[in-house]
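Contents: one structure, followed by commentary.
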Amino acid sequence: MPESTRESHAGVGDDQADEGSDGLSTPRSQLVVLPDSPDTRLLVELTSHANDLSEAAHSLGRALDCGEGSDVWEPLTSHAVTAYIRPFIHSNVRTRLDQMPEFPGIPAELLATHDVIRKYRNTTVAHSQSDLVMPLPVALLGGVDQVIRVWGMTVVHPMPGAIAIRFADLLTTMESIVDAAMQPVTERLRTWVQTQSPATVQQWQGPEVTHSTDDAFNGFRRRSRIPRFTGYMHTEQVQGGTDPHE
């Protein structure tokens, strides 16, 4: 998959240097966030969509590797469907991919597959409404007037392997389309960055990264235009009450 479906290469190197083992100075890289502009906002949105498509492709690829009859087939294909449809539904923090002028549209030969995946997500994966999932009240009879057991059971039909293969082709194409849409944006930004003075570039900061413990993990906060990220780490108190960070 193209690198741009995983990350945005927006960092620029500074003019600082470290001394190597041979006594020569070597450049030291520094990751910075580009200032807010229409192009940086566009790159953020396209990168976000690309990440969802990459996530879907990874899950579907693992499902195909494990095989249609494996225990992980249903959860992996379901996750791939969920991730794939994210770019095509409303979001409070980005424009839908199919409503962006940079997106040329889904190729005609893949529209039928896209529609199958969209409906499968809406009726089966995101909501339990389709007849692909059949909950039943059943009883096991041992003979005349003898009921051994009564319980509820569910019959589920997961995504067929043939559909998964068509889905994989759709994902490959969609990743390529979004990557192609990102290329002119990154090139315009690269050209613009090269016109900025070293003093200006030095003032650009990296993303705001904080840390917390995993018991505080949540997804309540909405993503904002200012890049903020929290890493959640697991900590355990050792015997005797010693601080684990000491």
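The values are calculated or read from the model by the stated rules, or taken from the named source; none is laboratory data. What you see is a predicted model, and the numbers here were worked out from it, not measured in a lab. Here the Cβ positions follow ideal geometry from the backbone for every residue, glycine too, while neighbour counts run over all protein chains shown.
A compact table of results
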{"quantity": "Pairs, first acidic (D, E) in segment 93-113, second assigned to a loop (DSSP other than H, G, I, E, B), C-beta under 9 Å, six or more apart", "calculated": "D98/G105; D98/I106"}
{"quantity": "Subset of segment 128-171 [exposed (fewer than 10 other Cβ atoms within 10 Å of the Cβ) and in a loop (DSSP other than H, G, I, E, B)]", "calculated": "D131, V144, D145"}
{"quantity": "Residue in segment 148-157 that is farther than 30 Å from T77 by Cβ, in contact (Cβ under 8 Å) with a residue 24 or more places away in the chain and basic (K, R) present", "calculated": "no"}
{"quantity": "Lone qualifier among S176, S212 - being under 30 Å from T113 (Cα atoms) and among the hydroxyl-bearing types (S, T, Y)", "calculated": "S176"}
{"quantity": "Sole residue being over 15 Å from T172 (Cβ atoms) and touching a Leu at 6+ places or on another chain (Cβ under 8 Å), chosen from L76, L60", "calculated": "L76"}
{"quantity": "Flag if V93 is at pLDDT below 95, outside any helix (DSSP H, G or I) and either surrounded by 18 or more Cβ atoms within 10 Å (Cβ to Cβ) or in contact with a strand residue (DSSP E or B) (Cβ under 9 Å, 6 or more places away or on another chain) (or both)", "calculated": "no"}
{"quantity": "Of residues in segment 50-80 being under 8 Å from the mean Cα position of the chain (by Cα) and touching a residue at least 60 places away in the same chain (Cβ under 8 Å), the one nearest to A181 (Cα to Cα)", "calculated": "A50"}
{"quantity": "Per-region count, segment 63-90, residues buried (at least 17 other Cβ atoms within 10 Å of the Cβ) and more than 18 Å from V185 (Cβ to Cβ)", "calculated": "14"}
{"quantity": "Pairs where the first residue, in segment 164-182, is closer than 11 Å to A57 by Cα and the second is modelled with pLDDT under 95 and surrounded by fewer than 22 Cβ atoms within 10 Å (Cβ to Cβ), C-beta under 9 Å, 6+ apart", "calculated": "T172/M1; E175/M1; E175/P2"}
{"quantity": "One residue from T124, T47 being over 18 Å from the mean Cα position of the chain (by Cα) and in a helix (DSSP H, G or I)", "calculated": "T124"}
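Residues checked against (1) assigned to a loop (DSSP other than H, G, I, E, B); (2) modelled with pLDDT under 95; (3) of a type in the set (S, T, N, Q); (4) over 23 Å from the mean Cα position of the chain (by Cα):
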| site | (1), (2), (3), (4) |
| --- | --- |
| M182 | no, no, no, no |
| T186 | no, no, yes, no |
| T191 | no, no, yes, yes |
| Q205 | yes, yes, yes, yes |
| R221 | yes, yes, no, no |
| S224 | yes, yes, yes, no |
| H245 | yes, yes, no, yes |
